[in-house]
Amino acid sequence: MKCRICSNQIDIFMSFGKMPIANAFLKEADFQDEYFFDLATAFCEKCLTVQLETQPDPKLMFHENYAFFSKTSKHMQLHFEKFAEWVNTNYLKNKDSFVVELGSNDGILLENFSKKGIEHLGVEPSANVAKVAKENGVNTEVAFFDSEVASNIVEKYRNADAILAANVMCHIPDLNEIGKASKILLKEDGVLIFEDPYLGDMVNKVSYDQIYDEHVFIFSALSVQNIFAASGFELIDLLPQETHGGSMRYVLCQRGVRKISESVINIIANEKKIGLNSKTTFDEFKINCELSKERIQAMLKELKKEGKKVVGYGATSKSTTILNYCKIGPDLIEFISDTTPIKQNKFTPGMHIPVKTYEEFIRYKPEIAVLFAWNHKKEIEIKEKEFIESGGKFISHLF
Ligand code: TMP
Ligand code: ZN
């Protein structure tokens with residue numbers, strides 16, 4: 001395949017087999033028409049990006065029925081409050097600033113600017129989540145961001161001081177276009193700030209479930225530097241985050257305009273040390289994925305043999321990769337409980353495990369819960385004190 005960034009010829013290092021759309025929770029009547037594609041990842045030795053071989057049409061993923069609402073987690077709400085505060089302190093020097101967020105979802109980040117009376121705009125392609133944001137007083141337009149949309153924003157509003165994106169940039173296949181569009185939209189000294197799941201954490205933890213249809217890229221600092229260089233940007237700061245099981249916040253601005261922090265130098269040096277620039281790292285990652293698959297399959301089969309009551313906790317997007325790659329169905333996990341109404345009383349994509357309410361988790365009193373929302377482990381362990389104290393156990397493909 002050709003690299004999406006630099007057109008270099010690149011090879012697949014890992015194939016997960018046939019996959020459905022990660023967030024396409026479905027009714028039984030729709031089982032027959034379910035859409036599948038080959039989920040495989042490749043590494044470009046030239047621009048150092050890890051990317052999907054094929055990504056389904058974005059319109060199949062981000063639409064008026066998009067099942068992911070950011071506000072389901074209290075921790076994430078707090079994270080975005082702090083994120084907004086940090087942007088304010090470091091990059092918005094006065095109240096006249098203008099902030100644009102790409103993929104603003106239900107407004108979880110921008111509402112913190114809206115509350116402070118700071119001019120803001122969310123650009124969000126999924127109409128249902130955008131509607132929720134607007135109802136909460138977050139100025140939002142339904143669109144996929146590109147150069148044309150950027151020019152329209154400049155005309156209708158003005159140039160932005162900051163463009164923000166959280167767990168969005170890695171969804172966008174044509175990042176060269178995003179670079180160009182960001183340059184159009186930003187002031188000369190404006191900053192492009194985004195955070196996404198971090199490749200270093202994924203390789204380290206073997207959290208291969210970060211790989212699914214929406215995540216067309218899993219970034220490292222090395223790759224982000226290369227991707228945005230084409231539109232004149234350079235990394236000026238890097239801040240590791242705990243969210244989504246290990247993320248990185250990238251801060252970029254036009255080359256030479258702002259000072260480069262120590263952490264850029266240190267983190268890039270560390271990435272070279274751990275081999276994020278080398279194909280052999282990803283060949284090892286593949287072997288680790290296969291070992292992880294064997295381990296969780298054996299664990300669940302053993303629990304089944306022992307007659308244990310096993311359910312899943314959190315029908316996350318990530319779980320679609322685990323369930324389909326490891327061929328885990330309702331024979332091994334009776335149901336998955338999830339607090340998101342749009343997922344409840346449906347079935348998981350591909351493996352068709354029933355998704356039930358959180359109340360059902362409480363009522364059923366399972367002995368084992370497979371923690372698919374492992375990135376929310378701290379929050380969930382506090383919430384489920386009673387489950388744990390009465391002998392319940394959380395397991396996962398990671399621990
Ligand atoms: P995420 O890992 O992509 O943020 O998705 C989290 C999913 O897990 C979402 O569907 C909501 C669900 N969830 C619960 O059901 N209970 C919880 O306590 C948490 C934190 C998440
Ligand atoms: Zn490349």
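Would you pull out the residues with amide H under 5 Å of residue 162's amide H, same chain only if 5 or more places away, H placed 1.01 Å from N?
HN-HN under 5 Å from residue 162: 98, 100, 191.
Taking the Cβ of each residue in 304, 273, 293 as the centre, tally the other Cβ atoms inside 10 Å and list the residues starting with the fewest.
So the residues, fewest neighbours to most, are 273, 304, 293.
If neighbour count is taken as other Cβ atoms inside 10 Å, put 352, 244, 63 in order from fewest to most.
Numbers: 352 17, 244 20, 63 12.
Starting with the residue having the fewest Cβ neighbours, the order is 63, 352, 244.
Cut-off is 10 Å between beta-carbons; in what order do 300, 371 appear when sorted fewest neighbours first? Let's see the in-between values first.
On the way: 300 21, 371 24.
Neighbour counts put them in this order, fewest first: 300, 371.
What Kirkwood radius, in Å to one decimal, follows from the Cα pairs of region 70-274?
17.1
What do you get for Rg/Rh of the chain when both radii come from the Cα atoms and Rh is the Kirkwood radius?
Radius of gyration relative to Kirkwood radius: 0.96.
I want the antiparallel fraction of DSSP beta bridges within region 281-395, as a percent rounded to 5.
The answer is about 10 percent antiparallel.
For the chain, what is the relative contact order in percent, using Cα pairs closer than 8 Å and at least 6 residues apart in sequence?
Value for the chain: 16 percent.
Would you mind telling me the antiparallel percentage of the DSSP bridges in the chain, rounded to 5?
50
Using just the helices of the chain, give the 222 nm mean residue ellipticity in deg cm²/dmol: DSSP H runs with n ≥ 4 each add -39,500 (n - 2.57), and the total is spread over all residues, rounded to 500.
-10500 deg cm²/dmol
All of the numbers you see were taken from the coordinates with simple rules; none came from a lab. Keep in mind that what you see is a predicted model, and the values were worked out from it rather than measured. Note that each Cβ is placed from the backbone with ideal geometry, even for glycine, and that neighbours are counted across all protein chains shown.
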